[in-house]
Every structure is written in C-alpha cells, then in structure tokens.
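**Q** Dropping the structure in here first, questions after.
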Amino acid sequence: MRNIACGEKGSTLTEMIVAVGVIVMLMSTLGMTMFQAVDTQGKIIDDGLAINELRKGLSWFSTDMKMTQTTDLADGAAAAAIASSWTDQFQGAGTPHTASYSVVGDSLVRTYDGVSHTVGRGVSSAVFSRSGKTIVAQIEVQVSPGVTRTLSVKAVTRSTLS
C-alpha cells in the first residue's frame, strides 16, 4: 500500500514469476501445435509421394505387359508375382526382354532384363491375374498407419498368350 500511496510503480517478484509461467505455457502449447502440423504435413507429403511412385511403377507394369508375348501366369489364375517375356523387332533383328514384378518386404520390385529396382514402397500386397490377353495388377499400399489404398492397372498384351 505504501508503494501505491507514494506513487511508485512496478511489479513484485511473484507477479513476474506468474507472468513468465503463463508465457512459457502459451509458447510450449504453440510449439507443440506447430510441431504436430509440420509432422502431419510431412506424413501427407510422404504418402502422396509413395502413391505417385507406385503409379509410375504401375505405368512400367502396363508398358511391359502390353509388350508381353509369354508369361508364367496361367489363364484364369492369380498370383503374388508375375514374369513375362517378349522379343522386340527392330530392323529385322530380335532383342529378347524379360520383366518380372514381385513384393519384397514392403516394396514392389521390377526386374527388367536381370536388373532389379524398386518401383513402389509401402506395399502391403500385390495380386496379378490373367484372363486371356488381359493382365491385371492390384497393389495395396499403406498410406498411413491403419489406412490402405488399392491401386490397379489393366493391360492387354500384344499377342495371344499360350
């Protein structure tokens, strides 16, 4: 009371500690919110990249299957992997090619002429099926914990398969 009566202005140590405590609590809440937002955005971007990568891989699959002349997949059958082969005809010379697709761990792997590379990540399962000249791939990819999406592609081969 004496400080107020004498016209002195200021704050007590207790008031300063309370003010600093409130500021620290607000800043920590804001920091956690920003961290969660950045983390969520990163996961969404990673999931989008995984799906885009798998779509590119399925584009390779479609191209390979359109060229296919023989496959290890019987008509009416479905399998977790597929192998195919064909021969390119260029200026009278034939160049043989092979391509296979399978899931290794959580990746879809394409092996083209003996060289393997990953064409999709986060893959839960793959089913390849054949009906006549039509070959279908259904790939299940995990986009976030507990959430999966199924991407599929259908290709018609250039020749009648035996």
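**Q** Using a/c under 1.5 as the rounded threshold, could you call segment 94-156 rounded, prolate or oblate? The axes a ≥ b ≥ c are square roots of the C-alpha gyration tensor eigenvalues, and prolate needs a/b larger than b/c, oblate otherwise.
**A** Working: a/c = 3.34, a/b = 1.44, b/c = 2.33.
Oblate shape, in that a/c is at least 1.5 and b/c is the bigger or equal ratio.
**Q** With a ≥ b ≥ c the root eigenvalues of the C-alpha gyration tensor of segment 31-156, is it rounded (a/c under 1.5), prolate (a/b larger than b/c) or oblate?
**A** Prolate shape, in that a/c is at least 1.5 and a/b is the bigger ratio.
**Q** Taking R0 as 45 Å, what's the FRET efficiency between SER159 and THR29 from their Cβ-Cβ distance, rounded to 0.05?
**A** 0.10
Just so you know, all these numbers are worked out from the coordinates, no wet-lab data involved. Not measured: the values here are computed from a predicted model. We place every Cβ from the backbone using ideal geometry, glycine too, and count neighbours over all the protein chains shown.
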